[in-house]
């Protein structure tokens, strides 16, 4: 298959989804993944093909101090060629694992493209990691080269290995090559490395909410082609300006800040701030004419605390991702802006597979329906039967192109997650008569109280409607009578005190909105433990409750005894 025919098939599939962005039924019925079996390299066969001679902005990075760097599509193609040639001279080869540890800076995008063009494997790494985690990841991913921001280079002083070291920023340390060397000489277009569809492209470490991070392998097609589904969910069109709040090193950054926008030929706008400020972000959305905005629930909760009265500017698409978004937040934005935040679902192991798509009727509280090309089913964890309640799975018999190749070096886990002809996500959901899927929780988060099944997310959604509650996490607290009762850990909004009056007010508020068996019996005001990617680690809270029950810890909590009678 020649690169030109690959490009044409890829573009035809992209154009089909853009044309059907407001017609979910037709998109699901008619869409087929493009045939890219054989030689394929997304950075050359797709990006370079749309970028050469294209002077529209591909990437804009605005720093908090007002400094701004803008690159056109053509500039990105040329600079990534220069970088690829230089990295090749340093010994980077097809199949080599290259750890990339950069922030939201232009060099990150140049580096991703340059490494892809060589057929090497990118290992995205968050700058929040320290030497111990880096040692583990260098070893497990068999890293042969690292590209790191200058301020983080010292973290590798005690990370053993004979890897090439590249420093991004002025004054490269001794023993490190200076990234700026790559651009001292011109370079011809990078030759095709001969990569094929099932060659590795990305190694992603998961966020590790319940266990040691897993190492996920994505191929030359699973993300570069699979993110056609993500582009459809985001509602992107050629010429859009897309802003996503995401930290480099995590899969969601590749979703919304790399593949999906450039598949759509949209501009990626990045606001690189040291600390999130909702009011400042609202100004940037309007001033920069952002057309689509994707942010995690924590950011949306902070946004509704700010003044939304100035409107959304040019914003057309409002999207949430990372964890399910509470209906109260959706309602507040809809009332202020006339826009409905569209939730979606996916994992590091795949692209977006379920979403409230553009133009469809959004069911508040629902993640939406399966996206085009995504064979999503709900499987009963006991019987293995497909139905309307159960674990979210992908039907392997229908060849889900957007799915990972597997976990690197972990055959036992691969066998477990691919059991019974399905890829198992570990997430539980229900589906209504119209096909809308509603998240219930992780298989290890759902628990029973008085023999009733409790979905933490449902209770958390009730709590977040209270004006005093910014965030909440529900976990089981051991109880002699009921085995377990729901306990809420709550982060308070500014102006509210962590005292009995606030606690009782929140408990009464929740009681009036939940069924009797869902009654929240205990509440504690506390910061929530999170992964470095921002997801709540409920497993830590469950362990804490066991410690409290055993008398090994003490705390200040309020119970619902005062509400009885």
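Just so you know, all these numbers are worked out from the coordinates, no wet-lab data involved. Since this is a predicted model, take the numbers as computed values, not measurements. Here the Cβ is made from the backbone with ideal geometry for all residues, glycine too, and neighbour counts use every protein chain on show.
Converting the Cα gyration tensor eigenvalues of the range 445-563 into ellipsoid dimensions via √(5λ) gives semi-axes, longest first, of 19, 18, 15 Å.
Remind me, relative contact order of the range 75-219 in percent, using alpha carbon pairs under 8 angstrom and six or more residues apart?
On the way: 249 pairs, mean separation 38.0, N = 145.
Reported relative contact order: 26 percent.
Estimated purely from DSSP H runs of n ≥ 4, each contributing -39500 (n - 2.57), the mean residue ellipticity at 222 nm for the chain is -7500 deg cm²/dmol once divided by its residues.
Can you check what the Kirkwood hydrodynamic radius comes to for the chain, Cα pairs only, in Å to one decimal?
On the way: mean 1/r = 0.0404 Å⁻¹.
Taking the inverse mean of 1/r over all distinct Cα pairs, the chain comes out at 24.7 Å.
One chain, two ends: residue 287 and residue 380. Fully extended at 0.36 nm per residue, the span grows by 28.6 nm beyond their Cα-Cα distance. From least to most packed, judged by other beta carbons within 10 angstrom and beginning with the fewest, 117, 214 follow the order 214, 117. Modelling each spin label as a point 7 Å along the Cα-to-Cβ direction, I'd like the residue 316/residue 160 distance in nm, to one decimal. Label at residue 316, label at residue 160, 5.5 nm between them.
Look at where the Cα atoms of the range 465-494 and of the range 316-384 average out, and the two centres are 24 Å apart. Scoring 409-421, 247-259, 138-150, 490-502 by mean Cβ neighbours within 10 Å over their residues and listing the highest first yields 247-259, 138-150, 490-502, 409-421. Spatially, the range 110-127 and the range 230-276 are offset by 17 Å when compared through their Cα centroids.
For the ranges 513-520, 354-361, what's the packing order if you count other beta-carbon atoms within 10 Å of each residue, average per peptide, and put the highest first? Write down the numbers at each step before the final one.
Values: 513-520: 15.1, 354-361: 21.6.
So the peptides 513-520, 354-361, ranked by packing, come out 354-361, 513-520.
Could you tell me what percent of the DSSP beta bridges with both partners in the chain are antiparallel, to the nearest 5?
60
Extension gain for the segment residue 395 to residue 419, taken as residue separation times 0.36 nm less the Cα-Cα distance, is 7.6 nm to one decimal. For the chain, the longest principal axis of the C-alpha atoms and the axis of helix 131-140 are separated by about 60°.
The overall shape of the range 255-372 is oblate: from the C-alpha gyration tensor, with semi-axes ordered a ≥ b ≥ c, the ratio a/c is 1.5 or greater and a/b is no larger than b/c. Report note on the peptides 40-46, 91-97, 462-468, 106-112: ranked by the mean count of other C-beta atoms within 10 Å, highest first, their order is 40-46, 106-112, 462-468, 91-97. Helix 3-19 and the long axis of the chain differ in direction by around 30°, with both axes built from C-alpha atoms.
Note on the range 75-219: Cα-Cα pairs beyond 22 Å make up 35% of the total pair count. Against the chain, whose longest principal axis comes from its Cα atoms, helix 327-337 is set at around 60 degrees. Here the spin labels are modelled as points 7 Å beyond Cα on the Cα-Cβ line, and at residue 552 and residue 30 they lie 6.0 nm apart.
Once the Cβ-Cβ distance of residue 280 and residue 504 is raised to the sixth power relative to R0 = 56 Å, the FRET efficiency obtained is 0.95.
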